[in-house]
Structures are given as structure tokens and as C-alpha cells.
1. Looking at the range 162-191, which of the residues that are open to solvent by 10 Å² or more (accessible area, probe 1.4 Å) and more than 19 Å from ILE90 (Cα to Cα) is nearest to ligand 2 (Cβ to nearest atom)?
2. So which residues in the range 259-274 are farther than 12 Å from ALA247 by Cβ and either within 16 Å of ligand 1 (Cβ to nearest atom) or among the aromatic types (Phe, Trp, Tyr) (or both)?
3. Restricted to the range 339-370, and to residues that are touching a Gly at 6+ places or on another chain (Cβ under 8 Å), closer than 21 Å to ALA287 by Cβ and charged (D, E, K, R), which residue is most open to solvent (accessible area, probe 1.4 Å)?
4. Could you say whether any residue in the range 278-299 is at pLDDT 95 or above, charged (D, E, K, R) and within 16 Å of ligand 1 (Cβ to nearest atom)?
5. If a residue must be open to solvent by 10 Å² or more (accessible area, probe 1.4 Å) and either assigned by TED's automatic domain parsing to the domain that holds LEU80 or not in a helix (DSSP H, G or I) (or both), how many such residues does the range 280-296 contain?
6. GLY441 is checked against (1) over 30 Å from ALA326 (Cα atoms); (2) outside the structural domain of ILE90 (by TED's automatic domain parsing) and fails just one. What number does that condition carry?
7. Which residues, counting only those in the range 248-274, are within 16 Å of ligand 2 (Cβ to nearest atom), open to solvent by less than 10 Å² (accessible area, probe 1.4 Å) and not in a helix (DSSP H, G or I)?
8. Checking the conditions here, which among ASP299, ASP245, ASP277, ASP320 is part of a helix (DSSP H, G or I), surrounded by fewer than 22 Cβ atoms within 10 Å (Cβ to Cβ), free of Cβ contacts under 8 Å to residues at least 24 places away in the same chain and not assigned by TED's automatic domain parsing to the domain that holds THR159?
Amino acid sequence: MINVTNPATGALISQVLEHTEDEIKAKLENGEKAFETWSSINAHARSRLLRNWSAIILKKKQEIAEVMTLENGKLLKESLGEVDYAVSYIDWYSEEAIRIYGRTVPASAESKRVIISRNPVGLVAAITPWNFPAAMMTRKAAPALAAGCTFIIKPAEETPLTTMKLIELAHEAGIPEEVIQYVNGDGAKIGSLFTESRSVRKLTFTGSTPVGKLLIKNSAQTVKNVTMELGGHAPLIVAKDADIDFAVKQTVLSKFRNAGQTCICANRVIVHEDILDAFSEKITEAAAGLQVGNGLVEDTDVGPIINKKGFEKIKSQINDAVEKGAEVLTGNAYSANEEKGTYFVYPTVLKNTERDMTIMQEETFGPVLPIISFKELDEAVALANDTAYGLAAYFFTNDYRVGTYLHDHLDFGIIGWNDGAPSGAHVPFGGMKESGLGREGGAEGIEPYLETKYLSIGNHM
Ligand SMILES: NC(=O)c1ccc[n+]([C@@H]2O[C@H](COP(=O)([O-])OP(=O)(O)OC[C@H]3O[C@@H](n4cnc5c(N)ncnc54)[C@H](O)[C@@H]3O)[C@@H](O)[C@H]2O)c1
Ligand SMILES: O=C[C@H](O)CS(=O)(=O)O
């Protein structure tokens with residue numbers, strides 16, 4: 001059994017059966033068999049079924065959001081927002097389903113004709129993280145189903161309930177049970193079953209970079225098509241001319257969403273030396289004013305850390321920075337109860353950080369904001385790009401030349417210019433370098449679920 005607990009209280013909220021190896025293999029076979037029927041249903045019918053799914057989820061929005069907050073710990077208002085965000089992917093791909101175009105090209109001889117078509121890859125296996133249990137699932141399931149693929153997912157052990165609920169609602173919407181399925185259990189074990197299986201033609205993973213690397217390696221044995229949405233370490237540059245108050249608001253929005261546990265949270269703030277004190281003072285005041293507590297309580301701004309492992313990583317990064325000379329402007333305070341298994345980190349702002357500090361090199365995944373200063377723009381770019389990651393980056397400036405220079409020189413897949421919240425179903429979300437492979441969302445997000453086939457017809461009249 002998997003014990004699902006509330007990270008804010010430690011209370012056991014549910015127990016979920018782990019699937020056996022035989023059950024998982026049977027589901028994979030069923031998913032492969034169901035592909036023939038599902039992929040032959042016309043795209044307009046698939047589109048309608050996705051719209052049904054979207055409508056049914058929205059009717060259950062409050063219930064789903066409450067379950068999400070109970071198992072994830074995020075604020076109820078964030079869970080409500082995530083349900084809308086998750087549904088936006090289903091809506092977007094319900095429309096893309098009927099816009100998967102092929103084309104003809106001029107043949108090389110009068111007796112020939114050439115037709116190029118786009119076809120679903122087959123059974124898609126997905127593995128998703130705990131931090132967005134609804135959106136990370138629909139960001140994969142919606143384009144896969146729209147393309148005509150069948151789908152099986154292993155949600156994170158911390159947050160299986162939200163994903164299980166969404167799949168139950170998909171069946172209620174008329175999407176057949178074998179077309180979209182879930183399995184629960186140990187990630188490593190199920191990951192191996194997915195990568196070894198020849199029934200699975202596509203593996204899509206959202207999670208940490210180390211696990212992503214392992215899955216890419218193991219997928220080579222059957223040459224699987226892979227999408228990897230991995231770790232991040234977002235820089236946030238505040239230029240000399242920036243509107244400081246606006247930059248502070250957007251930095252708080254980016255940094256403290258989901259208690260700092262998102263892949264695109266600002267992880268390093270790089271501020272021009274002329275405005276360093278003014279920015280530091282304002283961001284510290286804002287961070288110190290955030291309420292920490294249970295996500296179900298209305299006035300809470302920052303919920304719990306998901307587990308002890310995440311909590312200890314955050315603490316170790318703060319301790320390392322302080323030992324190497326960082327100044328704590330606010331935070332570096334904790335509320336932990338080992339017996340209950342509850343862990344809270346108070347919003348923390350660090351100043352006088354240096355590149356050699358762990359917090360400047362590794363993803364934090366917590367409500368901690370290290371600040372470093374720069375003088376010339378190329379120095380800011382060098383600091384920002386000094387990471388193995390390439391997911392999201394942000395900068396705040398009203399100078400067109402500064403903005404275009406930074407856009408051109410920052411090596412990140414997602415860039416927010418005066419925008420701390422750049423995500424959406426309409427844009428190709430994803431990273432460069434060790435932040436992953438492929439994109440999810442937008443026109444690009446259905447491509448990973450399609451194979452291109454061309455037909456050359458000879459001896460034509
Ligand atoms: N790029 C994105 O879109 C995105 C979105 C959300 C989270 N993330 C990243 O995910 C990480 C946080 O999530 P997490 O702690 O759940 O990550 P994680 O990699 O530990 O776990 C993610 C999923 O992988 C499973 N898993 C764990 N070990 C596995 C293995 N050996 N083989 C197969 N599956 C395995 C887990 O059970 C879980 O379902 C952060 O690095 C964050 O940046 C990235
Ligand atoms: O944590 C990663 C998510 O993809 C962030 S977002 O909700 O998509 O912005």
C-alpha cells in the first residue's frame with residue numbers, strides 16, 4: 001500500500017494499492033491493444049471526448065482542488081488555479097486534434113504521387129512529479145489522446161489521488177478505460193517496466209534531471225521516443241532601469257508559488273549594483289510578510305515542503321551559503337515535526353551570495369532567494385548561464401536594447417521579460433541543456449506524439 005499523507009499536518013488521508021508487475025504488464029498490453037481502436041476513431045470524435053472530459057473536471061473543480069491541497073500541501077487557491085491550468089491543456093488539444101495536417105509534395109515523375117501523413121506513435125507511458133499532479137498529467141495526456149495515442153501514467157507516490165481522480169473522470173467522459181490508465185507503485189520498478197516494454201512506443205517524463213537521465217539511458221534498449229521535462233535553476237535579472245516595485249512583485253510571484261517548489265521558480269536573483277540595496281530591502285519586506293501554514297487556511301501564502309528529503313536539501317543549501325559568507329536578510333527559520341512528518345521553511349532572502357555556494361549551482365525547490373549583484377550586462381548573462389540547466393529565466397527592464405540583448409544571450413527555453421508567470425497551454429514549455437528534451441503545450445506539444453509517414457504511389461495513370 002502507498003500511504004498518502006497531508007504534508008501540512010502529517011495526517012494519513014488515504015491508502016493506495018500498489019499494482020503488481022503482472023497487473024502493470026497486463027495494463028500495458030491492454031493499452032497497446034486499445035491503440036488500434038482509439039487511433040481509428042475520427043479526430044472530431046476524439047476532440048468531442050476531450051471536451052467532455054474538460055467539462056466534467058470543471059464541474060468537480062472544488063473537490064479536485066481540495067484533494068490536491070490535502071496530498072500536495074499547496075494553497076487551495078493554487079490548487080483551484082492548477083485545475084484550470086490542467087483543463088486548459090485539454091481544451092487546447094481538443095482543438096489541435098482536428099488540425100493534425102498532412103501534405104502532398106510534387107512527385108519526381110509524372111507516374112508518381114506523394115502523400116505525407118502524421119500518425120499517432122502508439123501507447124504512451126508517462127511518469128509525473130508531485131508538485132503539479134493535475135497539470136503535469138494533462139500536459140501529457142491531452143496531446144497524446146488528441147493525436148490518437150493510448151496513455152498510461154505513474155503519478156508520484158506523494159500525490160496519486162489527483163491523477164487517479166482525473167482518469168476516473170476521463171472514463172466518465174466516455175474515454176475508454178484501456179485508452180487512459182494509471183498504475184501506482186515504486187518509481188524505479190515501474191520505470192523499468194515502462195522502458196523495457198515493447199508495447200510502449202513513447203516515454204514522457206516530468207521530474208528531476210538525474211531520474212530523467214536514467215530513463216533516457218534505459219529507453220535506448222527499445223529506441224523509445226522520449227520527452228523529458230526536467231530540473232531548472234532559473235536566474236532572474238533586475239536591470240539598472242527596472243521598475244523595482246514591479247520587479248519585486250513578479251519575483252515574489254515566481255519564487256514563492258507552491259512554496260518555491262516549481263521547476264521554473266526564480267532560483268537566483270541577479271541585481272544591478274546601483275539598485276541592490278533598494279531591491280534587497282523591498283524583496284525582504286515582501287518575503288517577511290508572507291504567511292506560512294496550512295494551504296487550506298485562506299490567509300496562508302506559503303505551504304509546507306513536500307517531505308523531509310526536500311526540507312533537508314533546502315536547509316543544507318542555506319547553511320552552506322551562510323557558512324560561505326551569505327547574509328540572511330529574513331528567514332532561515334523552520335517549523336519541523338519529525339514525528340508528524342511536517343516541514344515548513346519560512347521565506348528566506350540571502351544577500352552577498354557567491355557563485356561557489358551550492359544554492360547558486362543546484363536547484364533549491366524551496367522558498368529561498370539568494371541575491372547576487374552585477375555591474376555590466378555581459379556579467380549578468382555569464383552569471384545567469386552559469387548552470388547545467390536551461391529551463392526558465394527572467395529579466396526586468398524597460399530598455400528595449402537591454403531586453404533584446406538578454407533575450408538573445410540567455411540559454412533558456414522559457415524567458416519572462418517583465419513577466420514572472422510565463423506558463424500556459426498555448427506556449428511550448430520546456431528546456432535546453434540538462435533541463436530536458438522536447439516541448440509541452442502550444443502547437444509544438446502534439447508533435448512528440450506523432451510519427452511522419454510518406455506514401456509514394458508509382459505507376460499512376
Ligand atoms: N520541467 C518541468 O516541467 C518540471 C515540472 C515539475 C517538476 N520538475 C522537476 O521535478 C523535480 C521535482 O519532482 P520530484 O522530486 O517528484 O522528482 P523525481 O524525479 O524524484 O520524481 C518524479 C517522478 O519520477 C518517479 N521516479 C523516481 N525515481 C524513479 C526512477 N528511478 N525511475 C522512474 N521513475 C522514477 C517518481 O516516483 C515520480 O513519479 C525537480 O527537479 C523539478 O524541477 C520539472
Ligand atoms: O514545476 C513545473 C511546472 O511545469 C511549472 S508551471 O506550473 O508549468 O509553470
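The values are calculated or read from the model by the stated rules, or taken from the named source; none is laboratory data. Just so it is clear, the structure is predicted and the values come from calculations on it, not from any experiment. Cβ atoms come from the backbone with ideal geometry, glycine included; neighbour counts cover every protein chain shown. The area values use the complete protein model at the heavy-atom level, side chains included, leaving out ligands, DNA and RNA. Shrake-Rupley method; radii C 1.70, N 1.55, O 1.52, S 1.80 Å.
1. GLY187
2. The answer is ALA259, GLY260, GLN261, THR262, CYS263, ILE264, CYS265, ASN267, ARG268.
3. GLU354
4. No, that holds for no residue.
5. Number of matching residues: 7.
6. Among (1) over 30 Å from ALA326 (Cα atoms); (2) outside the structural domain of ILE90 (by TED's automatic domain parsing), the lone unmet condition for GLY441 is (2).
7. GLN261, THR262, ILE264, CYS265, ALA266, ASN267 - these are the residues of the range 248-274 that are within 16 Å of ligand 2 (Cβ to nearest atom), open to solvent by less than 10 Å² (accessible area, probe 1.4 Å) and not in a helix (DSSP H, G or I).
8. ASP277
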